[in-house]
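Working notes, beginning with the structure itself.
The values are calculated or read from the model by the stated rules, or taken from the named source; none is laboratory data. Computed from a prediction, not measured in an experiment: that's the story for all the values here. All Cβ positions, even for glycine, are placed from backbone atoms using ideal geometry, and neighbour counts span all protein chains on display.
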Amino acid sequence: MSLNDDFEKFLSDIEPSSSTVREISTAQKSLRDYLSSHEEYSDRYLSSYLSGSYAKHTAIRPAKDDGNRDVDIVVETAHSTDDNPADVLEELRSALADSNKYSTARVQTHSVGIQLSKLDIDVVPLVRDGENRYIGNAETGEWSLTNPKGHKEWSTEVNEEHDGKYKRVVKILKWWRREHCPEGSRWPKGITLEKMVADNFPKETGPYGDLVASVFRSMHDCYSDDLASGIKPSIEDPSLSGNDLAASYSIEAFREFDGELVSAIELLDKSGSTNEVWRKILGERFPAGSSKAECSLPASVYIPTQRALAVDWRKRLPFAMKAKGFGIQVYAEVETEEGKRFTIRSNDRAIPKNCTIIYHALRNPSLHKRSIYWQIVNTGAEAISANCKRGEIEQSNEKNGSRRETTAYAGRHYVQCFAIRDGVCIARSKEFFINVS
């Protein structure tokens, strides 16, 4: 089983079960039908719909110590922004409490909360004013623009743009956050985290491990400079221009969040993309598997990493270096002479000679207009004997900045990728090792 297969298994494990989805579907429909037919509240009721992560299909299963699922329901009402939000919420609470089923109804800041068996439901009343929707705050008495339907539509569009992988990566990031966010801390979550993932999702898709690593690297590159300067990142609302989704989060929370990104990146850089490493990053629900970042070449042709990196035919980069860390994630697609296709990660199992291999550079969307260069270094004895050591800096020869090569010589070789802007290297990958038998 490949590492990507293990990510698929992990995703199946952390996603809500079909029975949970059915239970939520039944509960939310029952509540909405109740409000729409309530003897008095039906005069206020205009429409309703499921909102939040279950509506966007970005929900993950509950934590071990919390068996309840959080469900959000929006109710669009005939109220106006002249009404007091506290009164609007109390009216909704009273209507719900008329039923013994919803007797736990209680007023919260923006919603009415209800506890059912294994379900925590937030019912959010909105004011409709033409095309605009407003959400009330019982504590401040203010109404603010909101657009939950816009968030759902945006999420669907982003997912389609990324071959259906965006929402699944969001689920992985949500699980990673749950595993590492300290009790009492409030790291970005919900729509804020979803927008952060979208802002840092590479244009080109790939295996889940490489996509997640790319998002980790891109997020750190995107936010770390501001955080070091004492500036909290601003996360633009995808459906409400000028609204900062991160406004309610502290800079300390962002710094903790970024610190954990760094821990994951350093672990991947040091130990490679293996099941053992991903279990440290994502927790013990990730399959133990058997993937190893070990060379499968015989000792007679294997060259140690430090020696390979120090060969004198590896040319110096002819650009000024401004890149921080390794902001580009590389993965490779292989096609054998027989037509078999598969992906590999750095220092993976040995592949045959005469394969076609395409190296892909997963990177921050802001880097997609930048020139991408590659360095290919051969260190095997066959390549040296054939006077094909290489080591020069070469341009991409495939779309999206990718590089096509063939495996002509047995041995251990490597490639590295660079993003160039105005003669300056602003991002790079770690060396990607390829083993050819």
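Yes or no: Pro188 surrounded by 18 or more Cβ atoms within 10 Å (Cβ to Cβ) and either over 24 Å from Lys9 (Cα atoms) or in contact (Cβ under 8 Å) with a residue 40 or more places away in the chain (or both)? Yes, satisfied. Going through (1) on the phi > 0 side of the Ramachandran plot; (2) of a type outside the set (Asp, Glu); (3) in contact with a Leu (Cβ under 9 Å, 6 or more places away or on another chain) one by one, Asn387 falls short only on (3). Just a yes or no: is a residue in region 53-73 out of contact with any Asp or Glu (no Cβ under 8 Å at 6 or more places or on another chain) and among the polar types (S, T, N, Q)? Within region 53-73, not a single residue is out of contact with any Asp or Glu (no Cβ under 8 Å at 6 or more places or on another chain) and among the polar types (S, T, N, Q). Once region 325-355 is narrowed to residues that are assigned to a loop (DSSP other than H, G, I, E, B) and small (Gly, Ala, Ser), the residue that is modelled with the lowest pLDDT is Gly325. Considering the conditions (1) in a loop (DSSP other than H, G, I, E, B); (2) within 15 Å of Trp176 (Cα to Cα); (3) under 16 Å from the mean Cα position of the chain (by Cα), Ile281 is excluded by exactly one of them, (1). Note on region 177-192: residues that are among the hydrophobic types (A, V, I, L, M, F, W, C) and over 22 Å from Glu284 (Cβ atoms) total 1. Tyr34 satisfies every condition listed in (1) over 22 Å from Gly283 (Cα atoms); (2) part of a loop (DSSP other than H, G, I, E, B); (3) touching a Ser or Thr at 6+ places or on another chain (Cβ under 9 Å) except (2). Residue pairs whose Cβ atoms lie under 6 Å apart, separated by 6 or more positions or on different chains, with the first residue in region 416-429 and closer than 19 Å to Ala213 by Cβ and the second aromatic (Phe, Trp, Tyr) and assigned to a strand (DSSP E or B), are Cys417/Trp374; Phe418/Tyr373; Arg428/Phe418.
hydroxyl-bearing (Ser, Thr, Tyr), assigned to a helix (DSSP H, G or I), in contact with a helix residue (DSSP H, G or I) (Cβ under 7 Å, 6 or more places away or on another chain) and outside the structural domain of Tyr54 (by TED's automatic domain parsing) - does that describe any residue in region 185-203? Taking every residue of region 185-203 in turn, none turns out to be hydroxyl-bearing (Ser, Thr, Tyr), assigned to a helix (DSSP H, G or I), in contact with a helix residue (DSSP H, G or I) (Cβ under 7 Å, 6 or more places away or on another chain) and outside the structural domain of Tyr54 (by TED's automatic domain parsing). Can you pull out every residue in region 109-125 that is among the polar types (S, T, N, Q) and surrounded by 16 or more Cβ atoms within 10 Å (Cβ to Cβ)? Within region 109-125, Ser111 is the sole residue that qualifies. The lone criterion from (1) touching a residue at least 40 places away in the same chain (Cβ under 8 Å); (2) surrounded by fewer than 19 Cβ atoms within 10 Å (Cβ to Cβ); (3) within 19 Å of Ser429 (Cα to Cα) left unmet by Val330 is number (2). The lone criterion from (1) within 20 Å of Asp312 (Cα to Cα); (2) in contact with a helix residue (DSSP H, G or I) (Cβ under 7 Å, 6 or more places away or on another chain) left unmet by Ala427 is number (1).
Summed over region 126-166, residues that are surrounded by 19 or more Cβ atoms within 10 Å (Cβ to Cβ), more than 30 Å from the chain's Cα centre (by Cα) and not hydrophobic (A, V, I, L, M, F, W, C) total 1.
Somewhere in region 209-230, is a residue in contact (Cβ under 8 Å) with a residue 60 or more places away in the chain, over 22 Å from Ile328 (Cα atoms) and of a type outside the set (Asp, Glu)? No, region 209-230 contains no residue that is in contact (Cβ under 8 Å) with a residue 60 or more places away in the chain, over 22 Å from Ile328 (Cα atoms) and of a type outside the set (Asp, Glu). With the checklist (1) in contact (Cβ under 8 Å) with a residue 60 or more places away in the chain; (2) surrounded by fewer than 19 Cβ atoms within 10 Å (Cβ to Cβ); (3) in a helix (DSSP H, G or I) in hand, flag the one item Trp175 doesn't pass. For Trp175, the exception is condition (2). Across region 356-374, the number of residues qualifying as in a loop (DSSP other than H, G, I, E, B), in contact (Cβ under 8 Å) with a residue 60 or more places away in the chain and more than 17 Å from the chain's Cα centre (by Cα) comes to 1.
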